[in-house]
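The structure appears right after this line, and notes come after that.
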Amino acid sequence: MNEVLKVLETRRSCRKFILDKMPSEEDLNAIIKAGVYAPSGMGKQPVKVIAVTNKALRDKISKENAKIMGQSGDFDPFYGAPVILIVIANKGLSGTYLYDGSLVMGNLMNAAESLGIANIWIHRAKEEFDSDFGKSILKDLGIEGDWEGIGHVALGYADEGGVNAAAPRKDNVHWIK
């Protein structure tokens, strides 16, 4: 089977990561490169990727995400993943920013899978970057403009039992010939 098709068929979300095993910088750069090569409407490329490997910031983002989710305490919406790639898109640059950001998310996840790095899409980035918390991160990075959080890709290595997913439904495709 073609390697790309194999990755697309086998990638599943991971919900339990090995806490202290960080992907290499080389692998992270390859994953990010694949993400930013995603197609975009009219080639406008309204998307940025924020790569978070700093544990202290990663933990602050986790707490903020959990708070938005309505969770408290030690709940980690990123399932212990050591890396978070945050996808944001400039709403003023393209009318297709949401779709463009979603394509970047898909490329990031499939590239990670191709390198043996487990991953999962985590929501609530929109709420994070609509808040003072997220706007502060953008300001610290020197990112100006009207940005919306699209999603987070949590990355790391799967712990035992971390990847359990059902096969696709049989009724997902309808042909018109």
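The residue of segment 147-175 that is farthest from LYS60 (Cα to Cα), among those that are over 20 Å from the mean Cα position of the chain (by Cα) and either surrounded by 10 or more Cβ atoms within 10 Å (Cβ to Cβ) or basic (Lys, Arg) (or both), is LYS170.
All conditions but one from (1) aromatic (Phe, Trp, Tyr); (2) over 30 Å from ASN164 (Cα atoms); (3) part of a strand (DSSP E or B) apply to TRP121; the one that does not is (2). Being of a type outside the set (A, V, I, L, M, F, W, C) and modelled with pLDDT of 95 or more is a description that applies to SER114.
Residues that are farther than 17 Å from GLU64 by Cβ and in contact with an Asp or Glu (Cβ under 9 Å, 6 or more places away or on another chain) were ranked within segment 112-131; the one that is surrounded by the fewest Cβ atoms within 10 Å (Cβ to Cβ) is GLY116. Among the residues of segment 135-169, the ones that are part of a loop (DSSP other than H, G, I, E, B) and more than 27 Å from GLY116 (Cα to Cα) come to 5 in all. Looking only at residues in segment 1-19 that are farther than 14 Å from GLU160 by Cα, in a loop (DSSP other than H, G, I, E, B) and not basic (Lys, Arg), the one that is nearest to the chain's Cα centre (by Cα) is ASN2.
Taken over segment 68-87, the criterion of being of a type in the set (Ser, Thr, Tyr) and over 10 Å from LYS16 (Cα atoms) is satisfied by SER72 alone. Among the residues making up segment 24-45, those that are farther than 19 Å from MET109 by Cα and either touching a Cys at 6+ places or on another chain (Cβ under 7 Å) or of a type outside the set (A, V, I, L, M) (or both) are GLY41, GLY43, LYS44. Being assigned to a helix (DSSP H, G or I), open to solvent by 70 Å² or more (accessible area, probe 1.4 Å) and not hydrophobic (A, V, I, L, M, F, W, C), is that true of even one residue in segment 47-54? No, that holds for no residue.
The residues of segment 56-97 that are assigned to a helix (DSSP H, G or I) and loosely packed, with under 15 Cβ neighbours inside 10 Å, listed by number, are ALA56, LEU57, ASP59, LYS60, MET69. Checked against (1) among the aliphatic types (A, V, I, L, M); (2) open to solvent by 30 Å² or more (accessible area, probe 1.4 Å); (3) touching a helix residue (DSSP H, G or I) at 6+ places or on another chain (Cβ under 7 Å); (4) touching a residue at least 60 places away in the same chain (Cβ under 8 Å), VAL7 passes all but condition (2).
The values are calculated or read from the model by the stated rules, or taken from the named source; none is laboratory data. The shown structure was predicted, so the numbers you read here are calculated from the model rather than taken from an experiment. Reconstructed Cβ throughout: ideal geometry from the backbone, glycine too, with neighbour counts over all protein chains shown. Accessible surface areas use protein heavy atoms only, side chains included; no ligands, DNA or RNA. Shrake-Rupley method; radii C 1.70, N 1.55, O 1.52, S 1.80 Å.
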